[in-house]
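So the structure is just underneath, and the comments pick up after that.
The values are calculated or read from the model by the stated rules, or taken from the named source; none is laboratory data. What you see is a predicted model; the values in this text were computed from it and never measured. Quick reminder, even Gly has a Cβ in these numbers, built from the backbone with ideal geometry, and neighbours come from all protein chains shown. Heavy atoms of the whole protein, side chains included, go into the accessibility calculation; ligands, DNA and RNA do not. Shrake-Rupley method; radii C 1.70, N 1.55, O 1.52, S 1.80 Å.
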Amino acid sequence: MKESANSLALQKHSVVDLVSQRIQAFTQSGELRLPADYAPENALKSAWLILQQTVDKDKRPVLQVCSRDSIANALLDMVVQGLNPAKKQIYFIAYGSQLVAQRSYFGTMALAKRADPVIEDIVAEVVYEGDTFSYRLERGKKVITEHAQALANVRAQAIQAAYCTVIYRDGRETSTIM
């Protein structure tokens with residue numbers, strides 16, 4: 001047990017500290033600009049705690065099966081995107097011996113709001129068989145006009161469509177129906 005803890009501490013020192021040093025070098029040289037409200041050190045600490053509990057599809061710890069370089073690259077990718085795993089904005093997934101940082105729905109929303117501060121909210125909904133759902137086309141854009149849903153309709157096997165609406169602070173809305 002003590003040997004395993006020492007191994008994790010050494011790995012943390014070699015991977016997380018290396019990524020921290022690279023981030024500092026990139027920001028000092030102007031190669032990387034981080035959002036004002038983003039603390040990369042906090043995100044890295046959260047990521048390390050999460051990685052200690054993360055396993056691959058065969059239930060093996062990713063810190064043992066994934067290459068050191070892929071772990072460092074996944075952590076760096078997280079920081080470059082300005083995301084935090086503690087906020088469920090990014091997940092770490094092992095593909096064989098490679099660790100990948102996969103942005104979540106929450107991460108995509110955070111990036112959209114950061115890129116366009118006029119976005120107030122982003123709402124996604126599922127349309128089920130039996131729902132009342134209609135939209136109109138307005139200058140080539142889909143505008144949801146009605147969506148009424150009964151609780152009895154909400155069944156995974158009854159999914160008919162889904163849509164996402166971006167709501168702007170000035171009252172505009174943009175929807176995508178899938």
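Values as computed for the structure displayed
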| read-out | value |
| --- | --- |
| Test for residue 121: is it out of contact with any helix residue (DSSP H, G or I) (no Cβ under 7 Å at 6 or more places or on another chain), in contact (Cβ under 8 Å) with a residue 12 or more places away in the chain and open to solvent by 70 Å² or more (accessible area, probe 1.4 Å) | no |
| Given (1) surrounded by 14 or more Cβ atoms within 10 Å (Cβ to Cβ); (2) at negative phi, index of the condition residue 82 fails | (2) |
| Some residue of the range 94-114 being open to solvent by less than 70 Å² (accessible area, probe 1.4 Å) and aromatic (Phe, Trp, Tyr) | no |
| Checking residue 48 against (1) free of Cβ contacts under 8 Å to residues at least 40 places away in the same chain; (2) farther than 18 Å from residue 100 by Cα, the condition it does not meet | (2) |
| Breaking point among (1) within 10 Å of the chain's Cα centre (by Cα); (2) free of Cβ contacts under 8 Å to residues at least 12 places away in the same chain, for residue 101 | (2) |
| Residue in the range 139-159 that is buried (at least 16 other Cβ atoms within 10 Å of the Cβ) and polar (S, T, N, Q) present | yes |
| Strands (runs of 3 or more DSSP E) enclosed by the range 107-164 - at least 2 residues per element that are within 27 Å of the chain's Cα centre (by Cα) | 119-128, 141-148 |
| Failed condition for residue 92, given (1) of a type in the set (Phe, Trp, Tyr); (2) touching a residue at least 40 places away in the same chain (Cβ under 8 Å); (3) in a helix (DSSP H, G or I) | (3) |
| Some residue of the range 57-65 being open to solvent by less than 40 Å² (accessible area, probe 1.4 Å), free of Cβ contacts under 8 Å to residues at least 60 places away in the same chain and outside any helix (DSSP H, G or I) | no |
| Residue pairs meeting the criteria (Cβ under 8 Å; at least 6 apart or on separate chains; first in contact (Cβ under 8 Å) with a residue 40 or more places away in the chain and of a type in the set (D, E, K, R), in the range 104-116; second surrounded by fewer than 15 Cβ atoms within 10 Å (Cβ to Cβ) and not in a helix (DSSP H, G or I)) | 114/35 |
